[in-house]
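So the structure is just underneath, and the comments pick up after that.
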Amino acid sequence: MTLPRRLHVSFALRLAALLLGLFALLQLASITAIGLGLDAQARRTLPERLAAGERVFKSLLEQRAQVLTDAAAALAADAALRAAALSDDRATLASLLERHGARIGATEAAWLGTDFGLRARTGEAMQQAAIGPAAAALAVSAGSTGSASGLVLVGGRPHQLALVPVKAPGLLGWVALGLPIDDRLGAELHTLTSLDLTLLARDSANDPWRGTHSTLGDAAAREIAAQPWNGAATPMASLDVAGEELGLRPRWLATLGAADRESGPAMLALLSLSIDAAAGMPRVLPWLLLGIGMLGAGMFASAALHTARRVTAPLRELADAAERLGTGDATAPPLAAAARSDEIGEAARSFERMRASVVATQQQTLRLAYRDTLTGLPNRAQFDAAVHEAIAASAGTGSTLAVLVLDLDRFRSINNRLGHAVGDRLLQAAGERLARQVMREGDMVARRAGDQFAVLLRESTPELAHSVAQRIALAFEQPLALDEHRLAVPVGVGIACWPEHADSADTLVHRAERAMLAAKRGRSGPLVYEPAMDDGSAQSLALLDELREALARGELRLHLQPKLSLATGGVAGAEALLRWQHPRRGLLPPEEFIPFAEQTGLVRELTLWVFEACARAWRELQAEDVDMVLSLNLSARDLLDAELPARLEKRLLEQRVPAEAFCLEITEGAFLDDPQRALATLKRLSLMGFKLSIDDFGAGLSSYAWLKQLPVDELKIDTAFVRNMDRDPVDAKLVRSMIELAHNLGFGVVAEGVENARTWELLRELNCEQAQGFHMGRPMPVEEFLAWSARWVDKRRLLGTAGSAGLLH
Ligand code: C2E
Ligand code: CA
Ligand code: CA
């Protein structure tokens, strides 16, 4: 089952990947949101931080100015300076300036006259042009208190400048100390505020800005200086510097000596902070997020796999079951997933419903294909397959088996006479009865076709098969009770055994059928197959030809058997019975050829032959002055022949004999196939003047209803009852009842099969009209019969009595 496995893996993986992807997306979104939030937060708070930084920057400048002013004041208070000033000793002044300035790092120091003219100085940077106006401006702000400080560009570089008057007590001049603004200021500011400081300066509005100092480095300072900072007074400007976005706060620095900031020398301080850095996440945050992410991913992965398994396991189960169902195997165990309450459970339940209906359909199909719907027994297909299978199995084990084929006698006529509903019930009852006779496990009873049943006996010898067949035949001798009907339905049974009689399943069944046909033909009990039965049809054809020739060649013989009046002992009539003088086999009784002639329809020609022979015999008897009625037998085929009355009429005329001279004997069986047609024929024959007789009365008769409708003159009680009535009181009682019944219906009665004097007496006492039997006379050729009847008449006259026929023999 590779397909479901692949489904499992790919589906589980895809589900896991999907869930993980979604999770990663979520993580990304939250990180982005955090980033954006931090950025926004940074942008919001940055101006404030810059403003605070600016305040720190201012106070740093002020501190430095104070230190500078204090140093200048200390210098101004120096007596040596005053003395040098009074004496205008410029060399001393210069050395004093240098010494004091160096103490505080002021590289520039100058001594100015009261007119702010430069008298002495240290360093080269202090030029009259730069210091003069600045000092003058400072002096104004110093006012009377004396000292003042401010910013000034000295030599193009920003400096803090302090100016202190020297008085003695009148004003002698001014001490000016210049402290360059260097990298330390920026470094200090950075330490305190984390902000960067960039100072820009220009000498006039026409000059470009240049960076003088920057904690960001020279390159950054140049980039910043390249911006047009004119009029800049925004709380914060943002600028990309060296690939980094900076938030910058520009502040003009009041520049001493500049007439206005727009045109003269100017200084700009820019406090800055990297926005990226300000918005940067806390150092732990990425690790924290990574940790959460990995934990989440792990949880997601296991949840995804678990879910996938919960989904794919039942799907695989479903797929397995579907695949098995697809190959026709509906035996898979019930799906566990059907107990679930979710969609998978619903799918599983749908599948179970589908499987149930598939199974039902399958079983129905199998039933239809392998079961006979009427009897519920296996049908021909299943039976033949079982025989095949049994033979295949036996071939391995060396065991033997047998097949019985049964055919119900008279089924077709019962079906026609009593209707198909009764016919169906009869088949069901026959099937049940048959099944009861076959009790071994593994044996099979089947309905192969119409009224043909079959039995498969596994592990069976011919002897066992024969005894089962006999049991079956015996069971079917009992009539079947169906509502008001009691139907005697004997069966013909044929037996064939494997391996004795066939080398394949088909021939085995076929040969059992042959044996069955032979059994039916011979009206015998169960027959085991013999090779002679096989060419039955060839034999039949040959026999048919032979019989035709027999007719043409005059091999048929008419025998007459006397019918005597029980009351007078006189010859009342005779029954015409046919014989065949076969050239090789000798004189054949009618059983040997009449059933066959009935099957082929040739019996109609035989009947006409018998009739003509009878007509001749009757005229011969008349010539001898013997007046009697001759009885002859009609078969079912004759009664179904609508032309029969016309044919007989023709012969009556030809032979110049009256219809009243003949009695036509019919059996119940002759009446069964098509009662309406038979009745119509009989009525015509009766109207023509023929007498009618019911032959074999009491044997197999199931209903008297039809008796009423028949234009009958006589009933002939079957030999089977009469023969033993002298010994068997039941038979005697039955004969008595039949006689009474016949009399009540207004019929005369003939008892057939009278074999002794005692029976003759009994019948006479029962008021039976006529008797026929070996006791009085066997069937004999016509000439013999003439002689016999002459003898009979003589004997009777001699004895002068009709009382005891027995004495006459
Ligand atoms: P069936 O019509 O019942 O004829 C009476 C049979 O009983 C005759 O046998 C006869 O020999 C026999 N029988 C007479 N008396 C006795 C007796 O005392 N004891 C015993 N055991 N048997 C007795 P058969 O001649 O062998 O004829 C047999 C059957 O063949 C007849 O039975 C009849 O059904 C048929 N059959 C004979 N001839 C013809 C015919 O020309 N046409 C037709 N359609 N059937 C015929
Ligand atoms: Ca008869
Ligand atoms: Ca009879």
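Brief remarks follow.
- Scope region 471-514; condition under 22 Å from Leu427 (Cβ atoms), small (Gly, Ala, Ser) and open to solvent by less than 50 Å² (accessible area, probe 1.4 Å); matching residues: Ala473, Ala475, Ala488, Gly492, Gly494, Ala512
- Pairs with Cβ under 7 Å, 6+ apart, first in region 659-681 and assigned by TED's automatic domain parsing to the domain that holds Leu577 and away from ligand 3 (no atom under 13 Å from the Cβ), second of a type in the set (S, T, N, Q) and open to solvent by 10 Å² or more (accessible area, probe 1.4 Å): Asp673/Asn416; Asp674/Asn416; Leu679/Gln709
- Selection status of Leu564, more than 22 Å from Leu692 (Cβ to Cβ), of a type outside the set (Phe, Trp, Tyr) and open to solvent by less than 10 Å² (accessible area, probe 1.4 Å): no
- Residues being open to solvent by 10 Å² or more (accessible area, probe 1.4 Å), within 14 Å of ligand 2 (Cβ to nearest atom) and in a helix (DSSP H, G or I) - total across region 657-684: 2
- Remark: pairs (first residue in region 624-646, at pLDDT 90 or above; second residue acidic (Asp, Glu) and part of a helix (DSSP H, G or I); Cβ separation under 6 Å; 6+ apart in sequence or on different chains) = Ser635/Glu598; Leu644/Asp638.
Results for (1) at pLDDT below 85; (2) assigned to a strand (DSSP E or B); (3) outside the structural domain of Glu591 (by TED's automatic domain parsing); (4) within 13 Å of Leu404 (Cα to Cα), shown as yes or no for each residue.
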site: Ser467; (1), (2), (3), (4): no, no, yes, yes
site: Ala473; (1), (2), (3), (4): no, no, yes, yes
site: Gln478; (1), (2), (3), (4): no, no, yes, no
site: Val489; (1), (2), (3), (4): no, no, yes, no
site: Gly494; (1), (2), (3), (4): no, yes, yes, yes
site: Cys497; (1), (2), (3), (4): no, yes, yes, yes
site: Asp503; (1), (2), (3), (4): no, no, yes, no
site: His510; (1), (2), (3), (4): no, no, yes, yes
site: Leu517; (1), (2), (3), (4): no, no, yes, yes
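- Region 325-344, residues that are out of contact with any Pro (no Cβ under 8 Å at 6 or more places or on another chain) and either farther than 21 Å from Leu366 by Cβ or modelled with pLDDT of 80 or more (or both): Pro333, Pro334, Ala338, Ala339, Ser341, Asp342, Glu343
- Region 743-759, residues that are away from ligand 2 (no atom under 16 Å from the Cβ) and buried (at least 20 other Cβ atoms within 10 Å of the Cβ): Thr759
- Failed item in (1) within 16 Å of ligand 3 (Cβ to nearest atom); (2) in contact (Cβ under 8 Å) with a residue 40 or more places away in the chain; (3) more than 18 Å from Ala720 (Cα to Cα); (4) not hydrophobic (A, V, I, L, M, F, W, C), with Gln772 passing the rest: (3)
- Test: Ala348 is in contact with a helix residue (DSSP H, G or I) (Cβ under 7 Å, 6 or more places away or on another chain), within 16 Å of Gln452 (Cα to Cα) and small (Gly, Ala, Ser): no
- From the list Glu591, Glu605, Glu598, Glu612, the lone residue that is in the same structural domain as Val629 (by TED's automatic domain parsing), within 30 Å of Arg448 (Cα to Cα) and touching a helix residue (DSSP H, G or I) at 6+ places or on another chain (Cβ under 8 Å) is Glu598.
- When Ala142, Ala148, Ala176, Ala137 are checked against the criterion of being closer than 16 Å to Trp111 by Cβ and not aromatic (Phe, Trp, Tyr), a single residue qualifies: Ala176.
- Tally, over region 607-638, of residues that are under 21 Å from Asp674 (Cβ atoms), within 14 Å of ligand 2 (Cβ to nearest atom) and hydrophobic (A, V, I, L, M, F, W, C): 2
- Selection of region 700-751 for residues being part of a helix (DSSP H, G or I) and closer than 17 Å to Gly669 by Cα yields Ala705, Trp706, Leu707, Lys708, Gln709, Thr719, Ala720.
- Residues in region 630-656 that are open to solvent by 40 Å² or more (accessible area, probe 1.4 Å) and either within 16 Å of ligand 3 (Cβ to nearest atom) or of a type in the set (A, V, I, L, M, F, W, C) (or both): Asn633, Leu640, Ala642, Ala646, Leu653.
- Tallying residues that are within 16 Å of ligand 3 (Cβ to nearest atom) and surrounded by fewer than 17 Cβ atoms within 10 Å (Cβ to Cβ) within region 705-723 yields 1.
- Here Ala339, Ala332 are screened, and the one residue that is in contact with a Leu (Cβ under 9 Å, 6 or more places away or on another chain) and of a type outside the set (D, E, K, R) is Ala332.
The values are calculated or read from the model by the stated rules, or taken from the named source; none is laboratory data. Everything numeric here is computed off the predicted structure, so don't read it as measured data. No Cβ is skipped: glycine too gets one built from the backbone with ideal geometry, and neighbour counts run over all protein chains shown. Heads up: the accessible areas ignore ligands, DNA and RNA and are worked out on the full protein's heavy atoms, side chains in. Shrake-Rupley method; radii C 1.70, N 1.55, O 1.52, S 1.80 Å.
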